[in-house]
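First the structure, in the form of structure tokens, and then the observations on it.
The values are calculated or read from the model by the stated rules, or taken from the named source; none is laboratory data. What you see is a predicted model; the values in this text were computed from it and never measured. With ligands, DNA and RNA removed, areas are computed over all heavy atoms of the protein, side chains included. Shrake-Rupley method; radii C 1.70, N 1.55, O 1.52, S 1.80 Å.
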Amino acid sequence: MYISQELRKKNIAEYLLYMWQIEDTIRAFGCSLSRIRREYIDRFDCTEEQKEEMADWYGNLIRMMNQEGCRETGHLQINKVVMIQLEELHSMLLQSGKFPFYNAEYYKVLPFIVELRNRGAAKDENEIETCFNSLYGVMMLRLRKKEITPNTAHAVKEITTLVGMLVDYYHKDRETPLFVEEDEGL
């Protein structure tokens, strides 16, 4: 929970990937708070108070997953909102003539997005979600110590660069809006 708060402030992409991993962790324990407490939280070297805070946090996430119908698959609304914000910013950056380096990186990544969609990525998800799904997939492969092909590594490097640029713009936009009302007519 503290990790998520820090990541949300510092790097929204890492926050989102972390939260997706938390959703999968909850699913791995059958959305059972008692199992998460016993088999996961109790393994941490922290105070009982911290363990209770963690249990409360996981309990709230489980409740939200149940209410939002994403017990088996999908993402929590709090995570969907972040994805929507990133996609909207992505679109605005592409439509504006003020961000040529972002546009150039996007067109370097676009063939990888098309290839991912041709290989089974959901055609109805937005391009940024496709990028995040590929990053998450590679993260899971690395956690399982599975081999990553050179082509995949190259694609992920380019996708990471684009997402990194988007994250930088996201945080800059939170500090000082990148687009003022006169820009919104784009």
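Take the solvent-accessible surface of the protein heavy atoms, probe 1.4 Å, and return the percent of it on the chain that carbon and sulfur atoms account for.
Values: 5790 of 11080 Å².
Ligands and nucleic acids excluded, carbon and sulfur reach 52 percent.
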- Helix 100-118 sits off the longest principal axis of the Cα atoms of the chain, rounded to the nearest 10 on a 0 to 90 degree scale, by 60
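For the chain, what is the accessible area per residue in Å², given a 1.4 Å probe and the full set of protein chains?
60
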